[in-house]
1. Among the residues of the range B:103-117, is any within 14 Å of chain A (Cβ to nearest Cβ), in contact (Cβ under 8 Å) with a residue 40 or more places away in the chain and either in a helix (DSSP H, G or I) or among the aliphatic types (A, V, I, L, M) (or both)?
2. Looking at (1) open to solvent by less than 10 Å² (accessible area, probe 1.4 Å); (2) within 14 Å of another protein chain (Cβ to nearest Cβ); (3) within 30 Å of A:GLU172 (Cα to Cα), which is the one condition that is false for A:PHE302?
3. Can you pull out the residues in the range B:96-113 that are hydroxyl-bearing (Ser, Thr, Tyr) and closer than 16 Å to B:GLY150 by Cα?
4. For the range B:259-280, does any single residue satisfy the condition of being assigned to a helix (DSSP H, G or I) and modelled with pLDDT under 95?
5. Can you name every residue in the range B:137-166 that is open to solvent by 20 Å² or more (accessible area, probe 1.4 Å), under 24 Å from A:ALA134 (Cα atoms) and touching a helix residue (DSSP H, G or I) at 6+ places or on another chain (Cβ under 6 Å)?
6. Inspect the range B:336-359 for any residue being crowded, with 18+ Cβ neighbours inside 10 Å and of a type in the set (Lys, Arg) and give the result as yes or no.
7. Out of everything in the range A:77-121 that is touching a strand residue (DSSP E or B) at 6+ places or on another chain (Cβ under 9 Å), over 29 Å from A:GLU301 (Cβ atoms) and not aliphatic (A, V, I, L, M), what residue ends up being nearest to the other protein chains (Cβ to nearest Cβ)?
8. Do we have any residue at all in the range B:78-87 that's part of a helix (DSSP H, G or I) and in contact (Cβ under 8 Å) with a residue 60 or more places away in the chain?
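The values are calculated or read from the model by the stated rules, or taken from the named source; none is laboratory data. All values derive from a computational prediction rather than experimental measurement. Here the Cβ positions follow ideal geometry from the backbone for every residue, glycine too, while neighbour counts run over all protein chains shown. For the accessible areas, the whole protein counts, side chains as well, though only heavy atoms, and no ligand, DNA or RNA atoms are used. Shrake-Rupley method; radii C 1.70, N 1.55, O 1.52, S 1.80 Å.
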Amino acid sequence: MELRDCAANSTAFRRLLAAYENREMYLREWKEKGEKVIGVLGADVPEELLAAAGLHAVWIYALPGGNLPLADQYLEYAFDPMVRAEFEKLVDGTYGALLDGIVISNSTDVLIRLYLYLRELKRTEPERALPDVAYIDWLFSRNLLYQQYNEKTLARFREQVEIWAGRSVSDEEIVEASSLCNRRRQALRTLNALRTAVPPRVSGSEMLVAIGSGLFMDVCEHAQLIEQLAQEAASWPELEGVRLYYTGSAQVTTELYQMIERSGYVIVGEDHDWGDRFYERDTNTDLPVLRALVDRYMLREFSSKKSLVAQRVKALDGLVKTAGAEAVLFFTHVYEEPASWDYPSQRESLHSSGIGTIHAAKMHWPLTAQECAELKDKLLAHLQARQEGK
Amino acid sequence: MPEKSKSSVVKKLRATAQASAYQKQWFFDLKQQVELGAEFAYLNADVPMEIFRAMDIPFVVNQWWAAICGAKQMSSKYYELLRRAGYRDDLCSYCATAFAESLDPDDRKTDAQGKPLGPWGGLPQPTLAVTRLTCDCQAKIFELFARQHGATFYAMENTVARKVPLDWFDEIEDDWESFYDTDRLDLAVEELKQMIRFLETKTGKMFDINRLAEVMELVNEQELWYKKTRDLIAQCAPVPVTVVDTINAVMQAQWQRGTRWAADHARGLYEEIKALADSGEAAVPNEKYRLMWLGRGIWHDFAFYQRFEQKYGAVFMWSMYLAMGADAYIRHNVQEDPLRALAARYIGLEDFLHMPPWNSRWYLQQAKQNRIDGVVYMVPENCMQAVEGSYFIKKTLEDAGIPVLIFKADPVDARKWNAQSMTELVEDFIENRIINKAGEQK
């Protein structure tokens, strides 16, 4: 990652970047110490429950590129490329004995299928020695019936966590873990305020590192580093560029953001799971513990995967306004389709508020050279149109 | 494949023609009712339509209507309308067809000769659009469809089965309670009550539990005839009918389930096929190879199923459309709790269709019962709802010695279909995987 001097000179940022770039660093340390680690797939796994049980959580991830023979063998065409790569790592033994279990939330349909396939693989091909796979079957539609059902679902997950931990987990421990997670969320919000400030002092790429590193490191340490970074970054140099909001596919590396920011933009917000959505909404520690967790994970801002078009239009309008964005980039990977149905209505609503849009759909992962060139052209054309007052 | 080419499909059963004629007349009657101000619901196939039947709320099922639009060769026009409105024109064809139709300003118009421009004169204006959240895209499409029509949108949730019974088809019709997680069933019953309250408020009609029990019994009666029909065809060699007849006869009547007409039609279908079987009638006199079709029907090219009969004696004799009625819909002991029995039908649709090993084990059992020589399996490219563990299905069948051809195609979007190359693909499969295998075994 290309670093500004201010970031390169920041001890906190360098430590976050190290965890972001070497994502097994903490995982291996924990395993060497005999501690338990749970792999997380899906953005709706309550980290509070794992932390309360003394279990470390690491997000399952994959990087673009390379052959995926097992994904090609087991998965149909309709699985998006990032999930294909994640599946490959889970099945090919990359994680090996590093994980004591995996938990998958139904944050997208494709993850539901992935869970079903892993479950069936464990049944039919036990020689693959996959870790235990737990599943959280949220109901995201907002009504009382589903809210109450979700509490039962989480109670079952709590039992699974206790099995992994080999002990019971008390309400007090969950409250304590929730407070810690809230502290980290607040720290990230403070840092993000420096990105949404006018002018910004933290770039989208830097924020991506700050958030993403937390998916692979100790919660408390991450919170401390983010708090330290937020203090330091308050005096970082101001950034120039068109304020761009990013909506669409998760970005698990900084390449795309850096390319965009080199093109004359500053990414001041995003709605994907490796970005702002990670720290949105606190867990209310005044509520009974499971109800509080349902409140946080069920009632966060609507993701494009589990929402209606009207909900997403309203959500994006609000997020863009809060971030003070001047333009929005819609970016989706090939076979990652749900947001495609939101896009025309979202674009219409944004345009009516004078917000410009740039659209890139069916993108490969990694981007092909041609896609990259075309996206740069679109970014440039948008800048020129703005300058010409169109 | 030229979309405008006339299908050369040959159907032989009276019951198939009767179902088509009835459905068409029913549809035109429905249009009249809607024009007079009746409530009209547009439902996805996995919505518990028995509730609507019991409340006398007329409905059209999305998958059936998409099939009609596909058969009427409307896809090119519709997907162009989507593209012009800013939507992708290559997504979710099965679910997006009706939404695309709603964008057509000519849908209810006629040409200079007075011929309707929309399929059967176009879909009447629904007042309700109901789906389940069994796919990340589907609810959005239904919502857009509802907005376009000024209809009220309603969605029901979906839960994933934790129980994974292997041979559910043996006992589920009686012992359904034990095959589903209790909390899933409890939730589904509450969801039904919630939807009933919504429909009562929306339509002013009262839901009567006794009427639902009658509907459920009629559904059981209809599906039992399908079971007898499926079993009869499985026993016959050569088979008296192929999927070209059974798909059309069953799919259309299935959307009328819970009516006396549908139950009687199912009995008539059985009796007609029984008479053919008793007289030794063969759908394909030179039947040599029995083929199973997995996946949705190729609605825009139904003649495809018959292209391998003369040359190879290869007969598509099994599809899910008849067999799912036979094995997955019957729920006895209705009177105790009709809502719970209904819940145990509709929450299971996703399980047995799209979830291994529910689906893979069933297909294997069906392949054995029907003495299948080869399986042709259509997997849509970009429909996540139809992602159902094709690897596991293929492996389960092939481990049992039944070859499987998987290919990518779309059930309603004819633009993605090349009849010649698909025919060659299946011919190659028959020659190299079925005939050669049979020769080797001899």
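1. Yes, the conditions are met somewhere in the range B:103-117.
2. (1)
3. If the condition is that a residue be hydroxyl-bearing (Ser, Thr, Tyr) and closer than 16 Å to B:GLY150 by Cα, then B:SER102 is the only one that fits.
4. Within the range B:259-280, none of the residues are assigned to a helix (DSSP H, G or I) and modelled with pLDDT under 95.
5. Listed by number, the residues that qualify are B:PRO165, B:LEU166.
6. Just the residues of the range B:336-359 that are crowded, with 18+ Cβ neighbours inside 10 Å, to begin with: B:338-359.
So of that shortlist, the ones also of a type in the set (Lys, Arg) come out as B:340, B:345.
Yes, because at least one residue in the range B:336-359 is crowded, with 18+ Cβ neighbours inside 10 Å and of a type in the set (Lys, Arg).
7. The qualifying residue nearest to the other protein chains (Cβ to nearest Cβ) is A:TYR77.
8. In the first step, residues of the range B:78-87 are kept if they are part of a helix (DSSP H, G or I); the result is B:78-84.
If we keep only those that are in contact (Cβ under 8 Å) with a residue 60 or more places away in the chain too, we end up with B:79.
Yes - at least one qualifying residue is present in the range B:78-87.
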